[in-house]
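Taking it in order: structure first as C-alpha cells, then the write-up.
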Ligand code: HEM
Ligand code: HEM
C-alpha cells in the first residue's frame, strides 16, 4: 500500500479519482497500445495534420506578405521596414507556430515515452521564447532609432503581458515537472493550472498578433480603408488562418477523447523523471 497514490485531476469539470501504483522507471519496449484513442484515432490524426498544415501555411503566407508587400528582410538598417519585418516574422514562428506545436506534442507524439516528450515540450517552448526575444529586440531597436515612444499601444501592452506570463509559466513548468525534487502532490495540484494558463497564453499570443497585424495595416497599407487592397486582403487571410490554427490547437488540447489515457503512462508523465 506504500507505493499506492491517490490523486485527483480536474478535467472538463469532472473529477477523476485515480488509484494507481507510482513508478520511477519506465517499462522497456514500445508504449502500450492503450495509449491509442480507439475509434477517435482517425479523427484526431486528420485534425492534427490539418492543424500542422494550417500552421505551416500561416508561416508561409506571413513570409510571402512581408516579402511581397512590406519590403522584405534586412538587418542592415534598424530604421527600415525591412528590419522591422523580423518582428512579425519571429513572433509568428515563435509565439504561434512553436508554441502550438509544443502544446500538441503530448497528444501528437503519444507513442513516445514520457521523458523525451517532456524534453521536446520544454525545448520547443524555449525556442518560442528565444524567437520572441529576438522579435522584441527588433521592435524596441526600431522604435529607438526612429524616436518612436515605447509601449504606447494596446498591442504592446497585451504583448508584454503575454511574454511575462509565458516566462512565468516556463519557470514554474521547469521547476515543477523537469527539475527533480518537487512533491507528487504539488505536481498534481499544479497541472490543471498549467494546462489552463498554457492555453490562455497561446490565445493571448494570437490576440496580440491580430492587434499587431491591424496596426501594421493602418500604418503601412495606404489603401486598406478603401477595400480591395491585395496586401490588405492577404493580411486579413493571415489573420483568419491564425485564428483557425489557434482554434484547432485549443480544440485538440482540450478534447478529453484525444488525451493520453493510460493511467500507468499518465502518472509518471507528471511525476518522477
Ligand atoms: C505575440 C506576438 C507579439 C508580441 C508579444 C508583440 C509585442 C510588441 C511590443 C512589446 C511592441 C512595442 C515595442 C516598443 O514599444 O518599442 C510591438 C510593436 C509593434 N508590433 Fe508587435 N508583437 C507581436 C506580434 C506582432 C505581429 C504579428 C505584428 C504584425 C505586423 C506586430 C506589429 C507590431 C507593430 C506595427 C508595432 C509598432 C507599433 C506599436 O508599438 O504598437 N506585432 N509589438
Ligand atoms: C520547462 C517547462 C515546462 C515543462 C517541464 C512542462 C511540462 C508539462 C507536462 C509534464 C505536461 C503534462 C502533459 C500530460 O500529462 O498530458 C504539460 C502539459 C501542458 N503544458 Fe507544459 N511544461 C512546460 C512549459 C510550458 C509552457 C511555457 C506552456 C505554455 C505557455 C505549456 C503549456 C502546456 C499545455 C497547454 C499542456 C496541456 C497539454 C495536453 O493536455 O495535451 N507548458 N506540460
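Values quoted throughout were computed directly from the atomic coordinates according to the rules given, and no laboratory measurement underlies them. Here the structure is a predicted model, which means the values were calculated and not measured. Backbone-built Cβ (ideal geometry, glycine too); neighbour counts: all protein chains shown.
I'd like the per residue volume of the convex hull spanned by the Cα atoms of the stretch 41-197, given in cubic angstrom.
Roughly 140 Å³ of hull volume per residue.
Can you sort 97, 251 from fewest to most other Cβ atoms within 10 Å of each residue's own Cβ?
251, 97
Per 10 Å bin from zero, what fraction in whole % of the C-alpha pairs of the stretch 100-184 is there, up to the bin with the longest pair?
Once binned at 10 Å, the Cα pair distances of the stretch 100-184 give 15, 37, 26, 15, 6, 0.
So for 177, 170, 152, fewest C-beta neighbours within 10 Å to most, what's the order?
The fewest-first ordering by Cβ neighbours comes to 152, 170, 177.
With a point put 7 Å past each Cα toward its Cβ, work out how far residue 42 is from residue 146 in nm, to one decimal.
Result for the modelled spin labels: 5.2 nm.
What nm value, rounded to one decimal, do you get for the distance between residue 257 and residue 200 when each label is placed 7 Å out toward the C-beta?
Label-label distance for residue 257 and residue 200, simple model: 2.9 nm.
Out of every Cα pair in the stretch 69-125, what percent are spaced more than 18 Å from each other?
Summing the P(r) tail past 18 Å for the stretch 69-125 gives 50 percent.
If each residue of separation counts as 0.36 nm, what is the full-extension length gain between residue 157 and residue 53 once their alpha-carbon separation is subtracted?
Stretched out fully, the residue 157 to residue 53 stretch lengthens by 34.4 nm.
For residue 171 and residue 123 in one chain, what is 0.36 nm times their gap in residues minus the Cα-Cα distance, to one decimal in nm?
Value of the extension gain: 16.0 nm.
Starting from the Kirkwood radius over alpha-carbon pairs of the stretch 121-273, derive D by Stokes-Einstein at 4 °C in a medium of 1.567 mPa s and give it in µm² s⁻¹.
It comes out at roughly 71 µm²/s.
Hey, fewest Cβ within 10 Å first, where do 129, 252 land in order?
129, 252
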